[in-house]
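K.L.:
Structure in structure tokens, see below.
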Amino acid sequence: MRGARDQRGIPEPVLLRIAELIEEQSGLALDDLQCRALDAAVVERMAALNMGEPWDYLALLRQVRSGELRVLIERIANGETAFFRNAPHFRALRDVVLPVLLTVARRVVFWSAGCATGEEAYSLAIACLEAGLPAVAPVMVLGTDINRSALAAAERGEYAGRHLANVGPELRERYFEPTPRGWRVNDTVRALVSWAPHNLLNTELPVPPESVDLLFCQNVTIYFRPETIRRVTERLATVLRPGGHFFPGFSEMPWCRAPGLELVSFGDCFAYRKQLPRSSGSVQDRPMKRRLAGGRALNAGEGSLQGSRRARLPQSVPEVPTAAAAESAHPAGSGSLESARQAASRGDLARALQEVSAALEADPMRPEAWELFGLLQRQAGRRDEAERGFRRQLYLAPESPLPHFHLATLFRERGQTNDARREYARAARILETLSPETQLAGVTADLLLRACRRFGLAGDTESESEGPS
């Protein structure tokens, strides 16, 4: 927070201490804009409690038994979510993750961490039903959030029509019931989902170690400091089964890393996968290992499920070729970006780089190819080559904020703090010209802008540099 505060608001020393309490309790590190919202929320709560002195309210927040700190956190925590948000992640779920799980004869667990009002958890359950997974294995989708009021809304499962903007007519008819105020998730979906309050800072987790097949934690840690993200991610990684997948939000990917997690590509998005043990493991997990090693995506009706329908996402989401289709259509060295992404998703980094290099040799003017080249080189630990790829992407697409964001991440990893800040600032200036709802690689411009401000302290840093740019 900077500068003097309006006399009608909360004195800055009090507000700073309240912000510190909130971060200690929830991990939320508030920026200037959020502190203004906090100021308004504190004024509102003091009026509701008929309190006149800000210092008295601060004392109340420090009383654990009062529960007031939890109430205040719920007032300022961002609950933005939507059904089938981040469409590339749900395509990866449909084309890769669910076909694997159809072959695994055991209970399947999905966890939506930071689920807010429940749209994401219900979306995961609908995807499971569309794939026919509950017909062959017990399924549990767990939704957790620090906000108990949001969880109560999630459990009710009632949403206004605008919340179903990404839900096509067929899915709406199959899994929702009309109500006077909008729509209600039907009992078939609700039966798969459980809810529980959980604070991501807690060391005690709501599920046992190595019990989760799929973890979504999206646009939650974007409000945390990097060190907090590291601690949270390391804890979350412990609950994933070997071969299980973790999907953070797009802007959170660079920081949500932990020992035992490897970066994988799913066509038009990335995720982390829990590394498989060298030994073969249990018989029931072997189909998953064969799928991850071989790269062939099962089609509906194969394996243990006969005649199932392929998971259908909202109609606005385009189809993505399966790994098998990509293999047959693009033999090694043909230079297909899709086959490069599929190779990366199987862990075959050498072939992925071979494919993207061939694509660039055929057409060096494709910014998306240079972006993939940079991401793959970064994954391989060749940061100089990664920087070359992102700079070529920037040259070909100077109006895009993404190459600046990638460069900032790279500089941050190198410890070039000022260079990272400069690139975050450049990305932020472009993002500020876009509509907040503009989609960029599966995330809104608004959330990407918040990431720039959070991790880069985006501002006027053009004159600062620790190295050549």
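Here, each number is a calculation from the coordinates, and none is a lab measurement. Small disclaimer: the values here were computed from a predicted structure and weren't measured. A quick note on method: Cβ atoms are made from the backbone with ideal geometry, for glycine too, and the neighbour counts reach across all protein chains shown.
K.L.:
What does the extension gain come out to for Ser194 and Thr438, with contour length at 0.36 nm per residue minus their alpha carbon separation? Please report the intermediate quantities before stating the final value.
P.N.:
On the way: separation 244, 0.36 × 244 = 87.84 nm, distance 3.20 nm.
The Ser194-Thr438 span can extend by a further 84.6 nm.
K.L.:
Using θ = phi - 60° and the Karplus form 6.51 cos²θ - 1.76 cosθ + 1.60, what ³J(HN,Hα) does each residue of the stretch 126-138 get, whole Hz, x for Gly and Pro?
P.N.:
Residue by residue, the stretch 126-138 yields 5, 4, 5, 5, 5, 7, x, 4, x, 6, 10, 7, x Hz.
K.L.:
While we're looking at this one, here's another question. Could you tell me whether the stretch 87-294 comes out rounded, prolate or oblate from its Cα gyration tensor? Rule is a ≥ b ≥ c as square roots of the eigenvalues, rounded for a/c under 1.5, then prolate if a/b exceeds b/c, otherwise oblate. Write out the running numbers ahead of the final one.
P.N.:
Values: a/c = 1.74, a/b = 1.25, b/c = 1.39.
Oblate shape, in that a/c is at least 1.5 and b/c is the bigger or equal ratio.
K.L.:
Here's something else I'd like to know. Report the calculated FRET efficiency for Arg231 and Asp384 (r = Cβ-Cβ distance, R0 = 25 Å), to the nearest 0.05. Show your work: numbers first, answer last.
P.N.:
Values: r = 30 Å, r/R0 = 1.21.
Computed FRET efficiency for Arg231 and Asp384 comes out at 0.25.
K.L.:
A further question follows. How much length, in nm to one decimal, is gained on full extension between Glu210 and Asp31, taken as 0.36 nm per residue of separation minus their Cα-Cα distance? Don't skip to the end; give the middle numbers.
P.N.:
Numbers: separation 179, 0.36 × 179 = 64.44 nm, distance 3.51 nm.
Extending this stretch completely gives an extra 60.9 nm.
K.L.:
Could you order peptides 228-241, 381-394 by the average number of other Cβ atoms within 10 Å of their residues, highest first?
P.N.:
Numbers: 228-241: 20.1, 381-394: 18.4.
The densest-packed peptide leads the list: 228-241, 381-394.
K.L.:
Additional query: Can you compute the radius of gyration and Dmax for the stretch 140-184, using only the Cα atoms, both in Å?
P.N.:
11.8, 33
K.L.:
How large is ³J(HN,Hα) for each residue in the stretch 176-188, as worked out from phi by the Karplus curve 6.51 cos²θ - 1.76 cosθ + 1.60 (θ = phi - 60°), to whole Hz, x for Gly and Pro?
P.N.:
The phi angles translate into 10, 10, x, 10, x, 9, x, 9, 10, 5, 7, 5, 4 Hz.
K.L.:
Could you give the dipole magnitude of the stretch 12-76 about its Cα centre, charging the beta-carbon of Lys and Arg +1 and that of Asp and Glu -1, in debye to the nearest 20? Could you put the intermediate results ahead of the total?
P.N.:
Details: 7 positive and 12 negative charges, 56 e Å.
The dipole magnitude comes to about 260 debye.
K.L.:
Let me ask something else about it. By how many nm would the segment from Glu170 to Val43 lengthen if fully extended, with 0.36 nm per residue of separation less the alpha-carbon distance?
P.N.:
Values: separation 127, 0.36 × 127 = 45.72 nm, distance 4.58 nm.
That works out to 41.1 nm of additional length.
K.L.:
So how far apart, in nm, are the two label points at Glu12 and Glu399 if each is 7 Å from Cα heading toward Cβ?
P.N.:
4.1
K.L.:
Mind giving me the nanometre distance, one decimal, between the label points for Asn202 and Asp446, set 7 Å out from Cα along Cα→Cβ?
P.N.:
Result: 2.9 nm between the two label points.
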